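S.K.: This is the structure I have questions about; it appears just below.
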Amino acid sequence: MSQRIWMNGRLVPADQAAVSVFDHGLLYGDGVFEGIRIYNGRIFKLRTHLLRLFASAKVIRLPIPYSLEALDAAVRETVAANEKLNGYVRLCVTRGSGTLGLNPFKCSDPTAFIIADSISLYPRELYETGMAVITAATMRNHPLALSPRVKSMNYLNNIMAKIEALDAGANEAVMLNHQGYVAECTGDNLFVVHHAAKGSSLATPPLHAGVLEGVTRGVVMDLAREMGMPVTCPDMTRHDLYVADEIFLTGTAAEVIAVTRVDNRPIGTGKPGAATARLTQAFRSFVENDAPED
Ligand code: PMP
């Protein structure tokens, strides 16, 4: 079966799904998007993703020409048309075609498209062994330049950091913010685990550090609290990473993955830790069995 793309209201074959060279999404990265997982035929946290899409669009003054309900139906239609029981959806809304100048208000028709496909962010074996990361010299976008809370189509900041990781032989980079505090990775949020006699606790950078408010981050925070693990959001430095008992990353594409080395320092035992394993299991069970349709 050939892939079908939802493009501005209708399903078309993939080779007919094209955007104009005058689209400001292409010319300037001017647009917003979401990446969404499909688990066992259910579209995971679709409403939460759509709410974030509309919030991002509001911040950049991009009027999405569909209601949230219409996009909800369009995502379901695309997933069904491509017979995806498990996979990944990319939903994009660009500013649309305009003139070659920056003026976004000369773009009258936003372009919306939905791709239902699969994704594999990191090699499978790293989910067993854990992953080595580096901290990038490229800092995360300053929140006063472009807030990392906007999930925009302009990912050059993250791509620069990803290049640093790949050049260093790592799969992912930790990005610091303009103050030197830990923000997030190029496509995932970051969690630190502390062990204590009375149980483990989690820490993840606060939104004010300049991070995307990850949907997976939120799910993992809820699961951890249900499992009796307190979660806090303190400012953290690289020092806090180096001395952590465990570290893991979360994201729609990445899911939950242990980090076992940061800048060539082993984290904890140097192997994925017990709390990360418990949370990974809770996450799998939640997405595959328990997740409500929200
Ligand atoms: N941070 C960045 C920069 C990302 O691109 C992503 C992936 N969308 C995340 C964090 C994780 O967010 P989510 O769990 O919503 O996929």
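The values are calculated or read from the model by the stated rules, or taken from the named source; none is laboratory data. In this text the structure is predicted, and so the values were computed from the model without any measurement. FYI the Cβ positions are ideal-geometry reconstructions off the backbone, even for glycines, and counts take in every protein chain you see. In case anyone asks, the SASA skips ligands and DNA or RNA and just uses the protein heavy atoms, side chains included. Shrake-Rupley method; radii C 1.70, N 1.55, O 1.52, S 1.80 Å.
S.K.: Among TYR242, GLY41, ILE114, whose Cα projects farthest towards the positive end of the dipole of the chain, with charges put on the beta-carbon of Lys, Arg (+1) and Asp, Glu (-1)?
M.R.: Positive-most Cα among the choices belongs to ILE114.
S.K.: Same structure, new question: For ALA81 and ALA137, what does the FRET efficiency come to when R0 = 41 Å and r is the distance between their Cβ atoms, rounded to the nearest 0.05? Don't skip to the answer; put the middle values down first.
M.R.: Numbers: r = 44 Å, r/R0 = 1.07.
For R0 = 41 Å, the calculated efficiency reads 0.40.
S.K.: Right, another one. Separation of the range 1-48 and the range 77-114 by C-alpha centroid, Å?
M.R.: Cα centres, the range 1-48 to the range 77-114: 5 Å.
S.K.: When the helices in the chain are scored as -39500 (n - 2.57) per DSSP H run of 4 or longer and the sum is shared across all residues, what 222 nm value do you end up with, to the nearest 500 deg cm²/dmol? Intermediate values should be presented prior to the final figure.
M.R.: Details: 8 runs with 78 residues, N = 294.
Taking each H run of at least 4 residues, the total per residue is -7500 deg cm²/dmol.
S.K.: Between the helical axis of 68-81 and the dominant principal axis of the chain, each derived from Cα atoms, what acute angle in degrees is found, rounded to the nearest 10?
M.R.: 90
S.K.: Ranking request for peptides 54-61, 112-119: highest mean number of other beta-carbon atoms within 10 Å first, then the rest in descending order. Numbers along the way, then the final one.
M.R.: Working: 54-61: 16.1, 112-119: 18.5.
So the peptides 54-61, 112-119, ranked by packing, come out 112-119, 54-61.
S.K.: Write down the accessible area per residue of the range 48-106 in Å², having rolled a 1.4 Å probe over the full set of protein chains.
M.R.: Values: 2950 Å² over 59 residues.
The answer is 50 Å² per residue.
S.K.: What's the angle, to the nearest 10 degrees (0 to 90), between helix 46-59's Cα axis and the longest principal axis of the chain?
M.R.: Taking Cα atoms only, the helix is inclined about 70 degrees.
S.K.: Using only the alpha-carbon atoms of the range 137-246 as identical scatterers, what base-10 log of I(q)/I(0) does the Debye formula give at q = 0.12, 0.18, 0.21 Å⁻¹?
M.R.: Values returned for q = 0.12, 0.18, 0.21 Å⁻¹ are -0.42, -0.90, -1.16.
S.K.: Still on this structure, I have one more. Carbon and sulfur: what percent of the chain's accessible surface (1.4 Å probe)?
M.R.: Working: 7430 of 13600 Å².
Whole-percent figure for carbon plus sulfur exposure: 55.
S.K.: How long are the semi-axes of the ellipsoid equivalent to the range 201-280, from square roots of 5 times the Cα gyration tensor eigenvalues, in whole Å, largest first?
M.R.: Square roots of five times the eigenvalues give 19, 16, 12 Å.
S.K.: With every protein chain present, what is the per residue accessible area of the range 150-294 (1.4 Å probe, Å²)? Could you put the intermediate results ahead of the total?
M.R.: On the way: 6120 Å² over 145 residues.
Ligands and nucleic acids excluded, the result is 42 Å² per residue.
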